[in-house]
């Protein structure tokens, strides 16, 4: 599970908020918790290992989760914010789904109870599908194809109420949405961006990929926030080695 917040009130383009996550050796799924290190790649927080992030001097854009409520309260949430969970709140086995629900409810409530709500779109996504198979064959878009279907929610004062999006979408649709809004639909082409890039296609330009703007009605009266009970009371970072 992960969240992407899209807000147009701040000049800072992007920040990733990623909580403590075990940097396990030998690709083990779980291990003793310790602080993240920008020198250690981690499957749920890979950006500190990206060459482009270092070349562009953007390592500082990767913050711990305790910065998120502070930035929300100060009204300084970046234009694009990604929130990646730690294992305990990820809804990934053996973690409890209820714990993850409380965590994500707390994050969304924080936005809804702030002045940022009227200018924010929230995308809630999962990267696992809750089962062992999918009876539909994933679409073939290039040599990598798409994977199994996963759920996603769009939460915004301008989201279409009760709308179910039947387009073919992928995580590339979030990148496309960002590029359309901030870069005038310019795509980062692996053949021309000047850096090594092994992508077989420009995924945001694949004709089959849907457009997330179809999920919004910017002419409607903005919907009021719907603050849910049961949200986490604290989003502070866990101490190293703690539960």
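The values are calculated or read from the model by the stated rules, or taken from the named source; none is laboratory data. From a predicted model like this one, the values you see are computed outputs, not experimental measurements. Ideal geometry is used to build each Cβ from the backbone, glycine not excepted, and the neighbour counts take in all protein chains shown.
Give me the pairs: first residue in the range 203-224 and assigned by TED's automatic domain parsing to the domain that holds residue 111, second residue in a loop (DSSP other than H, G, I, E, B) and at pLDDT below 95, beta-carbon distance under 6 Å, and six or more apart or on different chains, which are they?
As it stands, the answer is none, since no pair meets every condition given.
Take the conditions in contact with a helix residue (DSSP H, G or I) (Cβ under 7 Å, 6 or more places away or on another chain) and under 25 Å from residue 51 (Cβ atoms) and apply them to residue 179. Does it pass?
Taking the combined requirement at face value, the residue satisfies it.
Mind checking whether some residue in the range 145-154 is at pLDDT 95 or above and farther than 26 Å from residue 229 by Cα?
Taking every residue of the range 145-154 in turn, none turns out to be at pLDDT 95 or above and farther than 26 Å from residue 229 by Cα.
For residues that are over 20 Å from residue 112 (Cα atoms) and at pLDDT 90 or above, tally how many sit in the range 72-91.
The first filter runs over the range 72-91 and keeps only residues over 20 Å from residue 112 (Cα atoms), leaving 86-91.
Still in the list and also at pLDDT 90 or above: none.
Counting residues in the range 72-91 that are over 20 Å from residue 112 (Cα atoms) and at pLDDT 90 or above gives 0.
Might you check whether a residue that is within 18 Å of the chain's Cα centre (by Cα), surrounded by 18 or more Cβ atoms within 10 Å (Cβ to Cβ) and either closer than 25 Å to residue 231 by Cα or free of Cβ contacts under 8 Å to residues at least 40 places away in the same chain (or both) occurs anywhere in the range 163-170?
Filtering the range 163-170 for residues within 18 Å of the chain's Cα centre (by Cα) gives 169-170.
The next check asks that each one be surrounded by 18 or more Cβ atoms within 10 Å (Cβ to Cβ); those that pass are 169-170.
With the extra rule that they be either closer than 25 Å to residue 231 by Cα or free of Cβ contacts under 8 Å to residues at least 40 places away in the same chain (or both), the set shrinks to 170.
Yes, the range 163-170 has at least one match.
Which pairs turn up if I take residues in the range 76-89 that are at positive phi and without any contact (Cβ under 8 Å) to a residue 40 or more places away in the chain and look for partners that are buried (at least 20 other Cβ atoms within 10 Å of the Cβ) and assigned to a strand (DSSP E or B) with beta carbon separation below 6 Å, at least 6 apart in sequence or on another chain?
Matching pairs, first to second residue: none at all.
It is to be established whether one or more residues within the range 117-128 are more than 22 Å from residue 218 (Cα to Cα), assigned by TED's automatic domain parsing to the domain that holds residue 225 and without any contact (Cβ under 8 Å) to a residue 60 or more places away in the chain.
The answer is yes, given that some residue of the range 117-128 is more than 22 Å from residue 218 (Cα to Cα), assigned by TED's automatic domain parsing to the domain that holds residue 225 and without any contact (Cβ under 8 Å) to a residue 60 or more places away in the chain.
Does the range 199-222 contain any residue that is at pLDDT 90 or above, within 26 Å of residue 100 (Cα to Cα), out of contact with any strand residue (DSSP E or B) (no Cβ under 7 Å at 6 or more places or on another chain) and surrounded by fewer than 14 Cβ atoms within 10 Å (Cβ to Cβ)?
The answer is no, given that none of the residues of the range 199-222 is at pLDDT 90 or above, within 26 Å of residue 100 (Cα to Cα), out of contact with any strand residue (DSSP E or B) (no Cβ under 7 Å at 6 or more places or on another chain) and surrounded by fewer than 14 Cβ atoms within 10 Å (Cβ to Cβ).
Specify which of the listed residues (124, 153) is over 14 Å from residue 83 (Cα atoms), surrounded by 13 or more Cβ atoms within 10 Å (Cβ to Cβ) and in contact with a strand residue (DSSP E or B) (Cβ under 6 Å, 6 or more places away or on another chain).
Values: 124 fails: over 14 Å from residue 83 (Cα atoms).
Unique residue meeting the criteria: 153.
Out of the helices (runs of 4 or more DSSP H) lying entirely within the range 33-142, which hold 2 or more residues that are out of contact with any helix residue (DSSP H, G or I) (no Cβ under 9 Å at 6 or more places or on another chain) and within 30 Å of residue 165 (Cα to Cα)?
Values: elements: 51-55, 67-74, 97-112.
Here the list reads 97-112.
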